[in-house]
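Below is one structure, written out as structure tokens; comments come after it.
Derivation of every value follows stated rules applied to the coordinates shown; laboratory data play no part. Since the structure is predicted, the reported quantities are computational estimates derived from the model, not experimental observations. Every residue, glycine as well, gets a Cβ built from its backbone with ideal geometry; the counts of neighbours run over all protein chains shown.
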Amino acid sequence: MMDDSGPHPAPDPDQPSTERHHLRSEVARLKPMAELGRMAATVTHEIRNPLAGISANAELLREALSDPRDVELVDTILGEVHRLGNLVTDLLYYCRERPAEQRPLDLAAVARTTTELSQPEAEQAVVTLTWQGAGVARGDSELSRQALLNVVRNAIQACGKGGVVRVEVADGSIVVRDTGRGVPDHLRESMFEPFVTGKTRGLGLGATVSRRCQQRQGGDLRLGETGPAGSEFILSWPLESAK
């Protein structure tokens, strides 16, 4: 039998202290980020009600106007209020971390509701928006709708006039295909990171929020084929039969 009673390296007395120091440093670094997240969630809640009031009153004002130039100005106000509302919603979903539900999910109902909500934006952009198919999964209906809504919105914005966005449903997945310009090479690796965008306006949170919504319910969002003829985005969920 080998004798293992010889001298062993003495433990480094500074090691625990060093680890505690790194831990405290990391906590100190993350604390402002957590506080910023809580503050952003609070601010978004405070902004949503005034925006709803502005939108409702602008709609009433629009109905009372007869001069086309005045109507156009109010439409500009409504468009900007809608854009701000989308930004606020993205921030809210980005900051909020409520537990995701895991329930049977009718993906066709998610697709139908989302395309109905997106139809006015598609019509304004002169883009044809359709959905087809059927499928089930397990997930959170609210998170699923928000994830798909952002993907469809981005697809509409990627298309020019006369473009087409198709939402295709299957068990455990929804694929959104558009006839837009495709995702530029330099954005393909980073497009799901926060505040990355190829647009001139916006926070670049739409794709990030969509993927986060999917991952929080055990699914994912990824970019499929993309190029000059258009792009496809694939949203996936756990299958309904999965336990």
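Tabulated values for the structure
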item: Amide H within-cut-off set for Val165, under 5 Å, with H built and near neighbours excluded; result: Thr128, Leu129, Thr130
item: Hydrodynamic radius of segment 103-236 per Kirkwood, over alpha carbon pairs, in Å; result: 14.6
item: Computed lengthening from Asn49 to Glu232, 0.36 nm per intervening residue step minus Cα-Cα distance; result: 62.4 nm
item: For Glu63, Glu168, order by how many other beta-carbon atoms lie within 10 Å, fewest first; result: Glu63, Glu168
item: Segment 103-236, dipole about Cα centre (Lys/Arg Cβ +1, Asp/Glu Cβ -1), debye to the nearest 20; result: 220
item: Protection-proxy order for peptides 66-77, 101-112, 178-189, each taking the mean of Cβ atoms within 10 Å per residue, highest first; result: 101-112, 178-189, 66-77
item: Neighbour-count ranking [beta-carbon atoms within 10 angstrom, fewest first] of Phe233, Phe192; result: Phe192, Phe233
